[in-house]
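Encoded as structure tokens, the structure appears first; notes follow it.
Just so it is clear, none of the values below were taken in a lab; they were calculated from the coordinates. Given the structure is predicted, the values throughout are model-derived calculations rather than measurements. All Cβ positions, glycine included, derive from the backbone under ideal geometry; neighbour counts span all protein chains shown.
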Amino acid sequence: MAIDPGLKSELQKHGIFTIPFEELYNWSRKSSIWPLQFGLACCAIEMIASAASRYDLARFGAEVFRATPRQADLMIVAGTVTKKMAPQVVRLWNQMPEPKYCIAMGACAISGGPFKDGYNVLKGIDRYIPVDVHIPGCPPRPEALIHAIMTLQRKIAGTDLEEGRRPRWYDRQATTDFPIPAFGAHDLEPPANREIWSPPKDYRDVTIETVLKKG
Amino acid sequence: MMEAVEKIKEQVLAAVPGASVEIIPSTPAAAQPALLVDRDHVFAVAKFLKEDDRLQMDFCSCVTAVDYLAGNYIEVVYHLYSVARRHGPLVLKVRAPREPADCRVPSLTPLWRGCEFQEREAYDLFGVTFTGHPDLRRILMWDEFTDFPMRKDYEPPRDYEWEPTPHDTTLERAREVGGVVPPTALEEAKKP
């Protein structure tokens, strides 16, 4: 239920602060994102720089890097995910309690980057876990990571807690487990979780007219 | 200053009777001719190179393999240096057939401990079995993996997805899977 902004500001003048429960929930959640302390490659160096004094991620309430997935809200996939490492990343993701968010940081984590054509690198972590924010860059600067955190905060602030529209993890029966890929003879099995991911499409020939027609 | 490789060859032949040693010239500017030794005698030759007083090749800096698809053999290359004598490199080569069952060369890890991981890498990526290696298993790929990715006839998983500007082998793969292929110059010219 929305509050009349005029009434809200009038009440505030008298020292009464009114806020919908949902807003309070989202505000507290977004103001204290605890990332998981783990890095995979050179992007991790930029992530460390973001958390250190010069860029100071603490200003955004996301400075408490936890060394255990059990206490983390956010997984920053910082670096190249090799196929040998992918099952461990998914396992860490499964061990994080809900609500949890994922930022894919850098060209490798979002698409495989320069190693895309290789036999040993995953072509993006979104093949196995749902990603909330993608950051391009090789590596992205700390400002880009901070921007991604702010983007994630906007996303969290917009979470709808109404019955029926609330996120999946409000359902007690909902599973938080994502299938962990197995090491196969030639590749990971399965090569992607098709329930959450589908191959990219080419949109170059799509014109605005066709989009408008379909819409 | 290390002796000329021809001199070393003579010493090797004198020290290891029956060994077949061939000098392979190298074309680059910093010419480093290599000694090609047969599989049965390479361990004895390496032992001689390490223990000979004038050579004292006490450090093996690099082990790698090269796949010669046309010649149907895989060549294992060792780069040897002497820290004591301050000379090197001496390039030692040994060849083995490409068939995985027969692709075996003796391990030089008992002589140079530093070979251990590099021989495992050559085993992992080229499928060269080093007999006498203390712990021969895959080092980079997972244990369940059965291919040898650095071999020239290796076929990567057919997981081509999308590339904004495919070219060369990527373009071939894009055509194979019916992916997005940029128009040819002719098609481009025909466009209204």
Low-density loop cleavage sites - trypsin sites (Lys or Arg not before Pro) in the range A:102-189, where at most 10 other Cβ are within 10 Å (DSSP): A:165, A:172
Two-site label geometry, residue B:191 and residue B:3: point separation in nm, points 7 Å out along Cα→Cβ: 6.9 nm
Antiparallel bridges, percent of DSSP beta bridges restricted to the range A:1-158 (to nearest 5): 10 percent
Residue (of B:117, B:94, A:25) at the positive-pole extreme of the protein assembly as shown, dipole from beta-carbon charges: A:25
Cα lying deepest toward the dipole's positive end in chain A, options A:207, A:72, A:122, charges on Cβ: A:122
Volume per residue of the C-alpha convex hull in the range A:127-179, rounded to whole Å³: 105 Å³
Debye-sum result for chain A in log10 I(q)/I(0), which assumes one identical scatterer on each alpha carbon, at q = 0.09, 0.13, 0.17, 0.19 Å⁻¹: -0.44, -0.85, -1.22, -1.37
Charge sum, other residues only, whose C-beta stays under 10 Å from residue B:125's C-beta, Lys/Arg counted +1 and Asp/Glu -1: -1
Charge dipole magnitude, Cβ of K and R +1, D and E -1 - the protein assembly as shown, Cα centre, debye nearest 20: 840 debye
Antiparallel content of DSSP bridges confined to the protein assembly as shown, in %, to 5: 60 percent
Pairwise FRET efficiency - residue A:18 versus residue B:155, Cβ, R0 = 51 Å, nearest 0.05: 0.20
Distance between modelled label sites at residue B:117 and residue B:139, nm, 7 Å Cα→Cβ extension: 0.7 nm
About the Cα centre, charge dipole magnitude for the range B:122-180 (Lys/Arg +1, Asp/Glu -1 at Cβ), debye: 160 debye
MRE, 222 nm, helices only [DSSP H, n ≥ 4, -39500 (n - 2.57), over chain B, to nearest 500]: -7000 deg cm²/dmol
Degrees, to the nearest 10: A:21-30 long Cα axis against longest axis of chain A: 50 degrees
Separation of the residue A:9 and residue A:98 label points, Cα + 7 Å toward Cβ, nm: 3.9 nm
Quarter of the Cα convex hull surface for the range B:5-146, i.e. its orientation-mean projected area (nm²): 8.9 nm²
Debye, to nearest 20: dipole size of chain B, +1 on Lys, Arg Cβ, -1 on Asp, Glu Cβ: 500 debye
Sorted by Cβ neighbour density within 10 Å, fewest at the top, the residues A:76, A:103, A:16, B:24: A:16, B:24, A:103, A:76
GNM top mover of A:35, A:190, A:69 - chain A, alpha-carbon springs below 10 Å: A:190
Cβ-based exposure ranking for B:177, A:77, A:89, B:91, in which fewest neighbours within 10 Å come first: B:177, B:91, A:89, A:77
Average projection area in nm² (convex hull over Cα atoms of the protein assembly as shown, one quarter of hull surface): 31.4 nm²
Residues of the range A:1-45 with amide N under 15 Å of the 7 Å Cα→Cβ point at residue A:161: A:1-3, A:18-32
Label-reachable residues, the range B:90-106, where backbone N falls under 18 Å from a point 7 Å from residue B:146's Cα toward its Cβ: B:99-103
